[in-house]
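Enquirer: First, the structure itself, so that you have it in front of you.
Only the coordinates and a few stated rules stand behind these numbers; no lab work does. Remember, it's a predicted structure, so these values are computed and weren't measured experimentally.
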C-alpha cells in the first residue's frame, strides 16, 4: 500500500482533472468526506465511497474510480482502506492519504469500541440476533447495487473482451472455487496485455 501511496503522491503534483472543474479538496475536506462515508457505510463503505467520490463531489469519473479500486483490490489489506490512502495521496500527497485514512477509520473505531462492550453484555439476546440478521440482508443488497453501478462503464463501452475477462474471473473464483492467488496470476497479465493491445490498436 505504501508504494502505491508514494506513486499516487507523485501524481498529486499534477492536479488531476475533475469532471466538474472543482479544485482538489483540502485535508479537512478529505477527512470529513471519508468520515461521513464511514459513518454512513452500513453494510460496507464501498457503496457510499463511490457515491460520494463519483456522484456527489465528482472528484473522479466512474472509470477512474473503477481503475483505482481495481488497483486497491489486488493489494493486501481492506480494499476501502487502500482506496482511502491511494485517493488521498493522489490529491494531497502523503498528508492527504493520512487525512482520508484517519477520517475513514477513526469514527467507526470509536463506535465499534462502544458496541463491542454492549455486545459482550447483551449479545445473547434473541432480539439483537434478529436485528443483526436483518442488517446482513441489507448489506448484501448494498453490495449487489454497487457492483452493478461499477459494471455500468464496462457495459456502456460494450467491450466484449473486458466482459469475457470479467465473466471468466467470476466463474473461476465464484463458481469453480479456484484459489484467488492462482486466478490473479493469470487474470492480471492477460487483462493488462489485452488492454495494451486494444489501446495500441486504437491509437495506430
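Enquirer: Any chance you could run the full-extension gain for residue 145 through residue 63? It's 0.36 nm times the residue separation minus the Cα-Cα distance, nm to one decimal.
Expert: Separation in residues times 0.36 nm, less the Cα-Cα distance, equals 27.8 nm.
Enquirer: How much length is gained if the chain between residue 118 and residue 133 is pulled fully straight, taking 0.36 nm per residue apart and subtracting their Cα-Cα distance, in nm to one decimal?
Expert: 3.7 nm
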